[in-house]
Structure formats: C-alpha cells, structure tokens
1. Nearest 10 degrees, 0 to 90: what angle lies between the long axis of helix 21-31 and the longest principal axis of the chain (Cα atoms)?
2. Filter the trypsin sites (Lys or Arg not before Pro) in region 11-79 down to the DSSP loop ones having no more than 15 other Cβ atoms within 10 Å, then list what survives.
3. So if each residue of separation counts as 0.36 nm, and I subtract the Cα-Cα distance between Ala23 and Arg49, what length gain in nm does that give?
4. Using alpha-carbon pairs under 8 Å, 6+ residues apart, how would you state the relative contact order of the chain in percent?
5. State the percent of C-alpha pairs, over all pairs in the chain, separated by a distance greater than 25 angstrom.
6. Please identify, among Ala77, Ala50, Ala88, the residue showing maximal mean-square fluctuation in a Gaussian network model of the chain using a 10 angstrom Cα cutoff.
7. Between Thr42 and Ala102, what length in nm is gained on full extension when 0.36 nm per residue of separation is reduced by their alpha carbon distance?
8. Cα gyration tensor of region 13-72, axes a ≥ b ≥ c as square roots of the eigenvalues: rounded (a/c below 1.5), prolate (a/b > b/c) or oblate?
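Every number here is computed from the coordinates shown, using simple stated rules; none is lab data. Values in this document were obtained by computation on a predicted structure and should not be read as measured data. Cβ placement follows ideal geometry from the backbone for every residue including glycine, while neighbour counts extend to all protein chains displayed.
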Amino acid sequence: MELRPPSYFTLAALIDGPLHGYAIMRRAAELSDNTVRVTTGTLYSILDRALAEGLVVVGGPYTVSGRERRDYTLTPAGRLLLQAETNAIARAASVVGARLRATGGLPA
C-alpha cells in the first residue's frame with residue numbers, strides 16, 4: 001500500500017490503540033498539525049485497502065449514543081509499513097536538509 005499523507009496519518013492515528021472512524025479522522029488531523037484532513041469517503045477507502053492488505057483489523061460493531069461503530073486496530077504488518085515509511089521520510093528530509101545547508105539554505 002502506498003502511503004500518501006492521508007494514508008500515512010490514518011495508519012498513524014492507530015498507533016496508540018483501536019479507534020472508530022470519526023476518532024481516526026480527528027486523530028489524523030491532530031497528528032498532521034491539521035495539514036491533513038481525511039474525509040469520510042477517503043477514510044473508508046484507506047481502511048478498506050488497509051484491511052485487504054492486513055495492515056489493520058476491524059472489531060465487531062457496537063453502539064454508542066444510538067450510533068453503530070467499529071474500532072480499527074493497527075496490525076504488526078501495519079506497524080512495520082508505517083515504520084518503513086517514517087524512516088524513508090526521515091532519510092529524504094535529511095538529504096534535502098543537508099543540500100539546503102550546503103548551498104546556503106533558502107533565498108531570503
């Protein structure tokens with residue numbers, strides 16, 4: 001699964017434990033410093049792909065205040081993919097940062 005920012009932050013939202021869809025959207029926005037806003041349609045598309053690839057599992061339905069919810073949990077494979085993507089982002093940022101420093105940084 002390719003981890004573009006919405007996918008990356010959707011999976012990252014599950015690092016601390018299971019969450020239902022709306023809580024995932026809120027947590028993804030929080031983790032991204034509100035730079036990534038995952039819509040409902042995008043969220044469930046991401047979760048469907050992640051389920052198919054074994055990156056998350058879904059629990060059984062339960063009801064809160066009359067609304068049916070399901071919690072999603074990151075699997076070990078999901079954690080590994082998220083860690084690999086985090087490492088790749090860090091390496092890319094390090095290379096670009098080094099080039100900016102070597103060439104005098106950004107123009108004023």
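1. In the chain, helix 21-31 runs at an angle near 20 degrees to the longest axis.
2. On the way: sites: Arg26, Arg27, Arg37, Arg49, Arg67, Arg69, Arg70, Arg79; in loops: Arg37, Arg70.
Filter output for region 11-79: Arg37, Arg70.
3. Numbers: separation 26, 0.36 × 26 = 9.36 nm, distance 1.86 nm.
In short, 7.5 nm is gained.
4. Details: 114 pairs, mean separation 27.7, N = 108.
Result for the chain is 26 percent.
5. Working: 1701 of 5778 pairs.
Everything past 25 Å amounts to 29 percent.
6. Ala88
7. On the way: separation 60, 0.36 × 60 = 21.60 nm, distance 3.93 nm.
Separation in residues times 0.36 nm, less the Cα-Cα distance, equals 17.7 nm.
8. Working: a/c = 1.65, a/b = 1.20, b/c = 1.37.
Oblate shape, in that a/c is at least 1.5 and b/c is the bigger or equal ratio.
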